[in-house]
Each structure stands twice: as structure tokens, then as C-alpha cells.
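Following: one structure in C-alpha cells, then a few remarks.
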Amino acid sequence: MSKKPVRVAVTGAAGQIGYALLFRIASGEMLGKDQPVILQLLEIPDEKAQNALKGVIMELEDCAFPLLAGIEAHSDPKTAFKDTDYALLVGSRPRGPGMERSELLAINGAIFTAQGKALNEVASRNVKVLVVGNPANTNAYIAMKSAPDLPAKNFTAMLRLDHNRAASQIAAKTGKAVAEIEKLAVWGNHSPTMYADYRFATIGGESVKAMINDETWNRETFLPTVGKRGAAIIAARGLSSAASAANAAIDHMRDWALGTNGKWVTMGIPSNGEYGIPKEVMFGYPVTCENGEYKIVEGLEIDAFSQECIKKTLDELLGEQDGVKHLI
Ligand SMILES: NC(=O)c1ccc[n+]([C@@H]2O[C@H](COP(=O)([O-])OP(=O)(O)OC[C@H]3O[C@@H](n4cnc5c(N)ncnc54)[C@H](O)[C@@H]3O)[C@@H](O)[C@H]2O)c1
Ligand SMILES: O=C(O)C[C@H](O)C(=O)O
């Protein structure tokens, strides 16, 4: 018997990430090849954006995806999020060359107050929310704080792009396949302060740290390359990453919904005090997922260098949180 369709809301649906994301959701890459979906697409109430959204919808229709059970266009989050089971909050301004993601808070922060409130009012009580719009961690924090009737654990931020970037750099350095890498972690903020940590990582059961055996490469090449990859892409393309961001969003939601079979992935999630991070800070942690729930990998040893890196990214997040008090 075929499954009942689930509702997937996507904001910023006519933007560049939206264009790389929607067709993959509709084809079953996110929630499984047996899971029908209804897309509830939100764009700003602006003629140009709504027209662009109409064009995207025409293309979705023309794909004749067997799993696409319905498509809706919206200009109000209160209708777009009605009964939604999944919400991918992408819609917001991307940064341009020379900007830091945190500079977007003043421009984008308020979007997430309104959307958090709308989710609180009309979404499924089990909605799984992923914030992609930058600065993703603090926007997710704003949305979570604006939705007091929904469980805080339903709100997450996208660190998966950093995780995938780190895996790709390690694969290139070791000459091994990306699929063989296990137990990689990215701690903290989706910003250059994030701490990509391969101390526990293995390839074919062997330690990646021992395989690389080059602490200078870790500190002077690996960490800055992963941390500044978004800026490097903006410098090269003149636009921020889109296909890789959409891919990371698919990975994040798929793993959360369908499980990771014990494999570690990175998600930005509200802290419950794990690893000394204050409660509610939206922090990148290594997690495993099972039965639609994520679970932090606990008990990892944090050495002095890691502690220093975690403190730096935490301090940045606390500063961002402090700066958005007025939005909550
Ligand atoms: N977390 C990550 O890893 C990551 C990676 C890449 C990009 N991003 C961020 O994702 C966001 C979107 O990037 P993009 O390249 O798709 O941008 P884009 O400008 O191409 O598209 C954004 C779309 O969002 C729409 N929008 C703006 N405000 C909205 C609102 N309140 N409600 C609904 N829609 C709204 C715009 O009309 C536009 O169509 C940016 O903030 C970018 O920095 C995050
Ligand atoms: O860097 C950006 O501004 C876009 C995105 O967050 C990225 O990491 O590519």
C-alpha cells in the first residue's frame, strides 16, 4: 500500500538554493523513493518573486514526478506552514563578496521571528525544521525561541555543508574515498570559527589523524580551507554556494528522517548542556539519527586545542545570540 503524502514547506523557493533543492525533494531523494510529498512553497509577496515561483512550479509539473502529490505557492508563512511535517527555511539574503555571514543578522534575523511564530501556530506538532538561511545557527535559534509551543529539539541549523566539505578535504589529503570516512565531527557555528575535528575519524577502521599525521596541515590548511570555503565560492562564482548547499540540506533531512545506521553526521541543534555548551545554544555537534530522532555522540575527549576552538565558536554564537535579543 502506498504511503500517505507528507507536507514539505520550503521558503525562498524561487531562489538559487530552492532551484537546486525542490526537484530532488520531489524525486524522493530526501524522504525516500516510496514517500509521496506535497510541496508548500513560500516566496515574498512581490510580483517578480511570485512569477519566478510560478515558473519553478511549471517545471516541477513538467517533470511528472510520481511522488509529487501536490504543489502549493504561498506568500504568507501562516498558510505555507499549515500542517507541515518538514520545513526548510532557506529564504533570506545571501552574503556578497567581502561580507561575513554574521553581518546578515540585521537583514535576515526578523524573517525568522515571523516564521518561527507561524510554525508555532500552524505547523504539525512534530515538524522537523532545518534553517539554511544565514547566519543559520542564530536564525534557527530565533525561530526556535519564537515557537514556544513546539519542542525546541525540532529546530536545527545546517552544519552539514561544513561536514561534507571537511570529508571532501580529508578524502583528497588521504587519497581515500569520501564514503569510507566515519566519525567526523564539526563543532559550533556555521562560520569560519567552526571546528572541523577529525581526531576520531576513521577510514577502513584506521585512524585518519594517524594517517595524515600533520598537525600543521590541520591547523594551517584544513581548518581555514573548510571554514572559508563559502567565501572562496562567492569569490569564484560571484554567488554563494547553491547546489552543494541544497545537497547538504537533503543529506541533513534524509538522515534525520530515515536514520544514519550508526554513522556520525553533523547537525546544528539546541544544546542541552552537552560538552559544556549552555542550554539552547544552536551548536554543531556530532550526532547519530534513528527513528526520526538525533542523538549527540557523547563522551568524546576534548583536548586543549579542541577546547580552545570550541570556546571561540561558542563565544561567537553567544555574541550573535546577545545581538538578537530584541527579535525574540
Ligand atoms: N547554512 C548553509 O550552509 C548555507 C549555504 C549556502 C547558502 N546559505 C544561505 O541560504 C540563503 C539563501 O541563499 P540563496 O543562494 O538561495 O539566495 P537567493 O537570493 O538566490 O534566494 C533567496 C530567496 O529567498 C526569498 N526570500 C527572501 N526573504 C524571504 C522570506 N521572508 N520568505 C520567503 N522567501 C524569502 C527571496 O525572494 C529569494 O528568492 C542565504 O541566506 C545564504 O547565505 C546557507
Ligand atoms: O558562505 C556563505 O555565505 C554561503 C554559505 O553559508 C556557504 O557556506 O557556502
Distance between Cα centroids, the stretch 230-252 to the stretch 279-328: provide it in whole Å. 22
0 to 90° range, to nearest 10: angle between helix 304-323 axis and the chain longest Cα axis: 30
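Please give the peptides 16-23, 99-106, 171-178, 281-288 ranked by average Cβ packing (other Cβ atoms within 10 Å per residue), highest first, as a rough proxy for protection. Spell out each step's value before the answer.
Details: 16-23: 21.6, 99-106: 16.9, 171-178: 13.6, 281-288: 24.4.
Peptide ranking by packing, descending: 281-288, 16-23, 99-106, 171-178.
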Which GluC sites (Glu not before Pro) in the stretch 249-328 sit in a loop by DSSP (not H, G, I, E or B) and have at most 12 other Cβ atoms within 10 Å of their own Cβ? Glu298, Glu301
Past 20 Å, Cα to Cα, is the threshold; run Lys3/Lys263; Lys3/Lys33; Lys128/Lys153; Lys176/Lys209; Lys128/Lys228 against it and keep the listed order. Lys3/Lys263; Lys128/Lys228
Rounded to whole angstroms and listed largest first, the alpha-carbon spread of the chain along its three principal axes comes to 53, 46, 38
Which length gain, in nm to one decimal place, applies between Val297 and Glu61 when the Cα-Cα distance is subtracted from 0.36 nm times their residue separation? 80.8 nm
With a 1.4 Å probe and all protein chains kept in place, how do Arg7, Arg95 rank by accessible area, largest first? Arg7, Arg95
Per the C-alpha gyration tensor (a ≥ b ≥ c, the square roots of its eigenvalues), the stretch 159-324 is rounded if a/c is under 1.5, else prolate if a/b beats b/c, else oblate; here it's rounded
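The values are calculated or read from the model by the stated rules, or taken from the named source; none is laboratory data. The shown structure was predicted, so the numbers you read here are calculated from the model rather than taken from an experiment. Don't worry about glycine lacking a Cβ; one is built from the backbone with ideal geometry, like all the others, and counts go over all protein chains shown. To get the accessible areas, we keep the full protein, side chains included, count just its heavy atoms, and leave off ligands, DNA and RNA. Shrake-Rupley method; radii C 1.70, N 1.55, O 1.52, S 1.80 Å.
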